[in-house]
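Participant: For reference, the structure I am asking about is given below.
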Amino acid sequence: MRFLMVVLCGLLVAACGSSNDTSDMTTGTTAIASDSGRVTLGVNSYLWHATLDTLAFMPLASEDPYGGVIITDWYSAPSSPNERMKITIYILDRRLRADGLRVAVFRQTRSNAGWIDADVNPQTAAKLEDAILTRARELRLASEPTGG
């Protein structure tokens with residue numbers, strides 16, 4: 001797991017500072033040049049980064065920038081220690097589109113028998129999708145060159 005984090009951090013650092021990097025403004029895909037050629041990430045980079053920004057308060061269990069899957073670990077808010085949530089985000093497209101994102105939310109409550117699966121408010125996933133899409137649009141607008 002730590003190895004994956006180191007590799008992902010290395011990719012992010014390489015993408016930030018290299019003059020060999022290219023980014024397609026219309027799709028948000030990111031290409032990283034290397035000795036073996038150019039590798040294009042499998043998902044929309046605006047959605048990817050917006051998802052990481054939105055879920056920054058939760059510990060991550062797994063991230064796959066090529067397959068477009070982000071899975072959080074269980075998280076209990078300090079105000080609700082007997083309830084925890086886990087979120088899986090699927091980025092399904094290389095374009096910045098609302099239907100290119102799917103959110104699955106899981107919730108458990110603590111009882112004497114341990115953690116038990118509980119119902120999730122259907123609005124939770126929709127609100128998370130909206131937050132991620134809003135942040136992705138902000139990132140896209142911030143990356144556009146200003147007219148002069």
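Derivation of every value follows stated rules applied to the coordinates shown; laboratory data play no part. Please read all numbers here as calculations on a predicted model, not as lab measurements. No Cβ is skipped: glycine too gets one built from the backbone with ideal geometry, and neighbour counts run over all protein chains shown.
Participant: If you take the beta carbon distance between Ser143 and Ser111 as r and set R0 to 41 Å, what does 1/(1 + (r/R0)^6) give as a FRET efficiency, to the nearest 0.05?
Facilitator: On the way: r = 47 Å, r/R0 = 1.15.
Approximately 0.30, to the nearest 0.05.
Participant: Beta carbons within 10 angstrom, averaged per residue: use that to sort the peptides 49-58, 74-83, highest first. Please list the in-between numbers first.
Facilitator: Details: 49-58: 17.8, 74-83: 10.9.
Put in order of decreasing packing, that is 49-58, 74-83.
Participant: Now for a different question. For Ala118, which sequence-distant residues (separation of 5 or more, or a different chain) have an amide H within less than 5 Å of its own amide H, given hydrogens modelled in the peptide plane?
Facilitator: Amide H neighbours of Ala118, under 5 Å, 5+ apart: Arg107, Gln108, Thr109.
Participant: Here is a follow-up. Can you run phi through the Karplus equation (6.51, -1.76, 1.60; θ = phi - 60°) for the stretch 102-109 and list ³J(HN,Hα) in whole Hz, with x for Gly and Pro?
Facilitator: Here the 3J(HN,Hα) series is 10, 10, 10, 10, 10, 9, 9, 10 Hz.
Participant: Any idea which of Ala125, Ala113, Tyr46 is furthest toward the positive side of the dipole for the stretch 42-143, if Lys and Arg beta-carbons carry +1 and Asp and Glu beta-carbons -1?
Facilitator: Tyr46
Participant: For the stretch 45-148, just the Cα atoms, rotate onto the principal axes and tell me the three extents in Å, largest first.
Facilitator: That gives 64, 27, 23 Å along the principal axes, largest extent first.
Participant: Dipole magnitude of the stretch 42-143 about its Cα centre, charges +1 at Lys/Arg Cβ and -1 at Asp/Glu Cβ only, in debye to the nearest 20?
Facilitator: Details: 12 positive and 12 negative charges, 34 e Å.
About 160 debye.
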